[in-house]
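See below for the structure under consideration.
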Amino acid sequence: MDDGTSQYYFTASMDSGKTLCSLIKAIQFQESAVFCAMQEGLKLTVEEGKCVQASAYIPADNFNEYHVRDDVDVMFKISIAVLTECLNIFGSGEESSLKMYYRCEGSPLLLVLQPQSFSNVMTDCEISTQTADSVLELRDEDAEEVAKLVLKAPAFLSLLADLEKTCDIIEINLSPEHPNVSIVTYGMQDRSCIDMPKSSDMVQSFNCEKAVTLKYQLQHIRLIMKALAVSSKVVLRCSSNGLLLLQLKLEKEDQRQMFSEFYIVPLLDD
C-alpha cells in the first residue's frame, strides 16, 4: 500500500479480488449492502425485509495488507451491484490485484485494480457511499440450539435445484430417529418429500436430540443457492425459536477461508 494510510479510515490490498467478488455475488439479492470494516476483517450484509439476513465475511488474513483505524466506526451503505461490477471490470477470466481505500465518513470507496496479465494497465473506481441503516439483530441469546446439521454444499445445491418450483413452503423435519432428516415442500397443488438419513453421503455431521419441525418460505431458502455454488460445505443450525442459521465455507487455493451466513426467520403456524 502507499505511504500515509493513516489518513484513511480503511485500506486493504490483495493479490486477487476474484474470490472476493464470487463471495459478494453469493449474497447479491438486494441492491445495497452494509459494508463494515472491523479489525478482524470485512463484513457485508444484505436483508430481505425482516425475514432474511445474509452476510459475507472476509477475515483480515485474506489480505496482503489490512488497516482499519481503531478510533472510528467504518460502516456505510454501498451498491452491491456496482461493487461486483467494478471487481469484475476486466472480466471473469482475469485475475486482478485489488486495493481498497476509504478516506472518511461520506467519502466514496476507492478501488484500484490491476490485471495480472497486463503490468502496464490499471483502473480505479470510485463507488459512492451512504450512511448505513441499522442492521437487524435476529439472534436471540436466550434461544438454544436444538439441531445442527453439516452437509456437502454441492449435494445440497442439487437437492434444492430439484425441488418443485411451484411450491411455496419448505418444511424441515429433524429427528434422532430414522430417517433423521425429512424435507417436505408443498404449495396449492403440489407436495413432495425427500428423506435423508444421517448415513447419507450428503451428511457430514448430524446432531439432534429431539424431534423438531420448522417451516420457511421456499423462496427464502433458495436465496442461498448462489452461495452454495461457491462453497464446500454448509452448516445448518436450528434454534428453539425456529430461526435457521446457514453457515457456508468457501475454501481458497491458499487454504485461507471466507464465509457467508444466512439467517432465515420461520413461518408462524396459523
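Partners of Lys165 within straight-line reach, counting aspartates and glutamates whose Cα lies under 19 Å from its Cα and excluding those fewer than 8 residues away in the same chain: Asp190, Asp195.
At most 13 other Cβ atoms within 10 Å and a DSSP loop assignment: could you name the trypsin sites (Lys or Arg not before Pro) in segment 75-174 that fit? Could the numbers behind the result be given before it?
Working: sites: Lys77, Lys99, Arg103, Arg139, Lys148, Lys152, Lys165; in loops: Arg103, Arg139, Lys165.
For trypsin sites (Lys or Arg not before Pro) across segment 75-174 that sit outside H, G, I, E and B with at most 13 neighbouring Cβ atoms in 10 Å, the list reads Arg139, Lys165.
For Lys50, a cut-off of 17 angstrom between C-alpha atoms picks up these aspartates and glutamates, skipping any fewer than 8 places away in its own chain: Glu31, Asp133, Glu137, Asp140, Glu261. Magnitude of the charge dipole for the chain, about its Cα centre and with charges confined to Cβ atoms of Lys, Arg (+1) and Asp, Glu (-1), is about 580 debye.
Where in segment 172-270 are there GluC sites (Glu not before Pro) that are in a DSSP coil and have at most 11 other Cβ atoms within 10 angstrom of their Cβ? Kindly include the intermediate steps, with their values, before the conclusion.
Values: sites: Glu177, Glu209, Glu251, Glu253, Glu261; in loops: Glu177, Glu209, Glu253.
When the GluC sites (Glu not before Pro) of segment 172-270 are filtered for loop state and at most 11 Cβ neighbours within 10 Å, Glu177, Glu209, Glu253 remain.
Accessible area per residue was computed with a 1.4 Å probe on protein heavy atoms; Met75 scores about 100 Å².
FRET efficiency for the pair Gln204 and Asp124, taken as 1/(1 + (r/R0)^6) with r the Cβ-Cβ distance and R0 = 25 Å, rounds to 0.05. When the Cα positions of Gln204, Met75, Leu20 are compared along the charge dipole of the chain, Gln204 comes out farthest toward the positive end, with charges on each C-beta of Lys, Arg, Asp and Glu. Computed over segment 145-264, relative contact order equals 30 percent, with contacts defined as Cα pairs under 8 Å that lie 6+ residues apart.
Using heavy atoms of the protein chains and a probe of 1.4 Å, the accessible area assigned to Tyr263 is about 20 Å².
From Cα pairs below 8 angstrom and at least 6 apart in sequence, can you work out the relative contact order of segment 15-117, rounded to a whole percent? Please report the intermediate quantities before stating the final value.
Details: 157 pairs, mean separation 30.1, N = 103.
Relative contact order of segment 15-117: 29 percent.
Ordered from longest to shortest, the equivalent ellipsoid semi-axes for segment 1-90 are 23, 16, 11 Å, each the square root of 5 times a Cα gyration tensor eigenvalue. The helix-based estimate of mean residue ellipticity at 222 nm for the chain, built from -39,500 (n - 2.57) per DSSP H run of four or more residues and divided by its residue count, is -3000 deg cm²/dmol to the nearest 500. Here the contact order of the chain, divided by its residue count and restricted to Cα pairs under 8 Å and six or more residues apart, works out to 20 percent. For segment 21-57, trypsin sites (Lys or Arg not before Pro) are listed when DSSP marks them as loop and at most 15 other Cβ atoms sit within 10 Å of their Cβ; the list is Lys50.
Averaged per residue, what accessible surface does the chain expose to a 1.4 Å probe, in Å²? Kindly include the intermediate steps, with their values, before the conclusion.
On the way: 13850 Å² over 270 residues.
Heavy-atom SASA per residue in the chain reads 51 Å².
Converting the Cα gyration tensor eigenvalues of the chain into ellipsoid dimensions via √(5λ) gives semi-axes, longest first, of 37, 20, 17 Å. Which one, Val181, Thr45, Ser260, projects farthest toward the positive side of the charge dipole computed for the chain from Cβ point charges (K/R +1, D/E -1)? Value computed over the given set: Val181. Note on the chain: GNM, Cα springs under 10 Å; of Ser119, Ser260, Ser92, the largest mean-square fluctuation is that of Ser119. Of the solvent-accessible surface of segment 1-59, computed with a 1.4 Å probe and all protein chains present, 43% belongs to carbon and sulfur.
For a 31 Å ceiling on Cα separation, which of these pairs sit above it: Lys99/Lys148; Lys43/Lys198; Lys99/Lys215; Lys148/Lys226; Lys77/Lys210; Lys77/Lys198?
Values: Lys99/Lys148 38 Å; Lys43/Lys198 33 Å; Lys99/Lys215 43 Å; Lys148/Lys226 22 Å; Lys77/Lys210 41 Å; Lys77/Lys198 41 Å.
Among Lys99/Lys148; Lys43/Lys198; Lys99/Lys215; Lys148/Lys226; Lys77/Lys210; Lys77/Lys198, the Cα-Cα distance tops 31 Å for Lys99/Lys148; Lys43/Lys198; Lys99/Lys215; Lys77/Lys210; Lys77/Lys198.
The values are calculated or read from the model by the stated rules, or taken from the named source; none is laboratory data. Bear in mind that the values here come from a model prediction, so they are computed numbers and not experimental data. We place every Cβ from the backbone using ideal geometry, glycine too, and count neighbours over all the protein chains shown. To get the accessible areas, we keep the full protein, side chains included, count just its heavy atoms, and leave off ligands, DNA and RNA. Shrake-Rupley method; radii C 1.70, N 1.55, O 1.52, S 1.80 Å.
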